[in-house]
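To keep things clear, I will list the structure first and then write my remarks on it.
The values are calculated or read from the model by the stated rules, or taken from the named source; none is laboratory data. Predicted model only: the values in this text are computed from it and were never measured. No Cβ is skipped: glycine too gets one built from the backbone with ideal geometry, and neighbour counts run over all protein chains shown. SASA here: full protein model, heavy atoms, side chains in, ligands and nucleic acids out. Shrake-Rupley method; radii C 1.70, N 1.55, O 1.52, S 1.80 Å.
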Amino acid sequence: MALSLILAVAGFDAIRRGTSRRHIVYRAAWRAGGAALLVLAILPVAQLAATIVIAAMLWFFCILPLAGLIVVSGTPARR
């Protein structure tokens, strides 16, 4: 995650350099490089979010129903 933060900062800085009013050669290259760095920074975060969503779905649709089944079938029917 620290690497993602560093890549995001570098990406925003490169985009800022590419859009500044100072005379900089290859402005489009700075902007494209900054966008590429931002994409590289977002990928691990998106993968982590997808993993969290999958884990939540497994918990909600697999673990909780099994726990409910144990509670329902574990109660004695006779008094």
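Using alpha carbons only, how many degrees (0 to 90, rounded to 10) separate the axis of helix 27-58 from the longest principal axis of the chain? Tilt relative to the chain: about 0 degrees. Give me the accessible area per residue for the chain, probe 1.4 Å, as a whole number in Å². Value for the chain: 84 Å² per residue. Summing charges over neighbours of Trp30, with a neighbour being any other residue whose Cβ is under 9 Å away from its Cβ, gives +4 when K and R count +1 and D and E count -1. When a 1.4 Å probe is rolled over the protein heavy atoms, the share of accessible surface on the range 1-77 that falls to carbon and sulfur comes to 79 percent.
Note on Arg21/Ile42: beta-carbon distance plugged into 1/(1 + (r/R0)^6) with R0 of 22 Å gives a FRET efficiency of 0.20. For the chain, the 222 nm mean residue ellipticity estimated from helices alone, with every DSSP H stretch of n ≥ 4 adding -39500 (n - 2.57) and the total spread over all residues, rounds to -26500 deg cm²/dmol.
Spread over its residues, the convex hull of the C-alpha atoms of the chain is 93 Å³ per residue.
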